[in-house]
1. Any idea what the relative contact order of the chain is, in percent, if you count C-alpha pairs under 8 Å spaced at least 6 apart?
2. Taking all protein chains as present, what is the carbon and sulfur share of the accessible area of the chain, in % to the nearest whole number, probe 1.4 Å?
3. Could you tell me, in Å, what Rg and Dmax come out for the Cα atoms of segment 56-128?
4. Can you send over the solvent-accessible area of Ser30, 1.4 Å probe, protein chains only, in Å² to the nearest 10?
5. Contour minus end-to-end for Gln118 and Thr101, with contour as 0.36 nm per residue of separation and end-to-end as the Cα-Cα distance?
6. Rg(Cα) of segment 35-85 divided by 2.2 N^0.38 Å?
7. With a 1.4 Å probe and every protein chain left in place, tell me how much accessible area Glu124 has, in Å² to the nearest 10.
8. As I understand it, the value is the acute angle between the Cα axis of helix 19-41 and the longest principal axis of the Cα atoms of the chain; what does it come to in degrees, rounded to 10?
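The values are calculated or read from the model by the stated rules, or taken from the named source; none is laboratory data. Treat the numbers as computed from the prediction; the structure is a model and nothing was measured. To get the accessible areas, we keep the full protein, side chains included, count just its heavy atoms, and leave off ligands, DNA and RNA. Shrake-Rupley method; radii C 1.70, N 1.55, O 1.52, S 1.80 Å.
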Amino acid sequence: KIRAVGLNPSAAKTSGISVNRVVNSAMILSGALAGLGGGVYILGIAHELLPEQASGIGYTAVVVSLLGNVHPLGVIFASLFFGGLISGMSSVERTLQIPRTLSLLSQGIIIVLILIIQIFARYEIKRK
């Protein structure tokens, strides 16, 4: 039902699916899963929530969703990639004594390059 509503809401409505109910249910479910994931992280790994940990999480989620082509399996792989990227850059920061901003810049460059590749793969550029 979620896929049907996402692909064509008017067709889903015509087939008898309550579009508003499915959209609201999907939003509630995704918010609950995100909260559960955050709670597991805070309670099981960090044991405290610092302001540095909470800042930018929403933007990270948007980037992961874009990298995963807004597909559940793609998002899983993109989140694993992004988590590895963040963890790896954190290790590089400590080992090479580089500033955090340089690490964030390199993460941003990698993400922009991946998104550019996806754009070129998705859209064909027509030449005259």
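1. 11 percent
2. Carbon and sulfur: 69 percent of the exposed surface of the chain.
3. Gyration radius and largest Cα-Cα distance of segment 56-128: 14.5, 51 Å.
4. Its accessible surface works out to 70 Å², give or take rounding.
5. Value of the extension gain: 3.6 nm.
6. Ratio of Rg to 2.2 N^0.38 Å for segment 35-85: 1.21.
7. Counting only protein heavy atoms, Glu124 exposes about 150 Å² to solvent.
8. Tilt of helix 19-41: around 20 degrees.
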